[in-house]
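What follows is a single structure, written as structure tokens, with notes after it.
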Amino acid sequence: SHSMTGWHGANDRVIWEKTMTNSRAKGAAFERKVANMIQDELCIECKRDIEQYRQADRGDILGVDGWVIECKAYAADRGAGGNYKPDWWRQACNAAHAAACQPVLIYKYNHQPIKCVVFLSSINPDFAGKDNTATISFATWCMLVREGLE
């Protein structure tokens, strides 16, 4: 039985299917890593949202009250200069809006530290209603979550 997805080359070999599943596997591995880090740092039991593939506007990790967590792991993109892609943040915001939560985009390029993007208002409520963002470390995001839990 042959897989019917992908491009079939010589001897019916699937050419690009593997890279597609690899990027998804990489994403899943990063989501698991982040869920474990959250558990270690905050003692909050988190899990990957398996529904995310079937339904738009959902975060990647469930379990942190008040937050929608979007994760992205990418190979180093020289053009991006280590910055996140605007549609990653848009995705996080759409999911957060749907859940009435605060968005956090947790992203990482190969050989780079994990970074977190939040609205400035998540750090300082005086900025409520504004679209300004801040890029912070994972440890700093954990501090924000802790403050919200008190």
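Numbers for the structure displayed
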| item | result |
| --- | --- |
| Residue that is farther than 16 Å from Gly148 by Cα and in contact (Cβ under 8 Å) with a residue 60 or more places away in the chain, where the choices are Lys108, Lys72, Lys85 | Lys108 |
| Candidate set from the range 76-101 (those that are open to solvent by less than 40 Å² (accessible area, probe 1.4 Å) and over 22 Å from Arg24 (Cβ atoms)); member that is modelled with the lowest pLDDT | Gly82 |
| Which numbered condition Val104 misses (of (1) within 16 Å of Gly66 (Cα to Cα); (2) open to solvent by 40 Å² or more (accessible area, probe 1.4 Å); (3) not acidic (Asp, Glu)) | (2) |
| Filtered residue count, the range 32-75, keeping only those that are open to solvent by 70 Å² or more (accessible area, probe 1.4 Å), part of a loop (DSSP other than H, G, I, E, B) and either at pLDDT 95 or above or not basic (Lys, Arg) (or both) | 6 |
| Which numbered condition Met143 fails, given (1) hydrophobic (A, V, I, L, M, F, W, C); (2) surrounded by fewer than 19 Cβ atoms within 10 Å (Cβ to Cβ); (3) under 30 Å from Asn22 (Cα atoms) | (3) |
| Sole exception among (1) assigned to a helix (DSSP H, G or I); (2) closer than 24 Å to Cys46 by Cα for Tyr107, by number | (1) |
| Residue list for the range 111-129, restricted to those being part of a loop (DSSP other than H, G, I, E, B), touching a strand residue (DSSP E or B) at 6+ places or on another chain (Cβ under 8 Å) and open to solvent by 60 Å² or more (accessible area, probe 1.4 Å) | Pro113 |
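The values are calculated or read from the model by the stated rules, or taken from the named source; none is laboratory data. No experiment lies behind these values; they were computed from the predicted model shown. Here the Cβ is made from the backbone with ideal geometry for all residues, glycine too, and neighbour counts use every protein chain on show. Note: areas computed on protein heavy atoms with side chains; ligands, DNA, RNA excluded. Shrake-Rupley method; radii C 1.70, N 1.55, O 1.52, S 1.80 Å.
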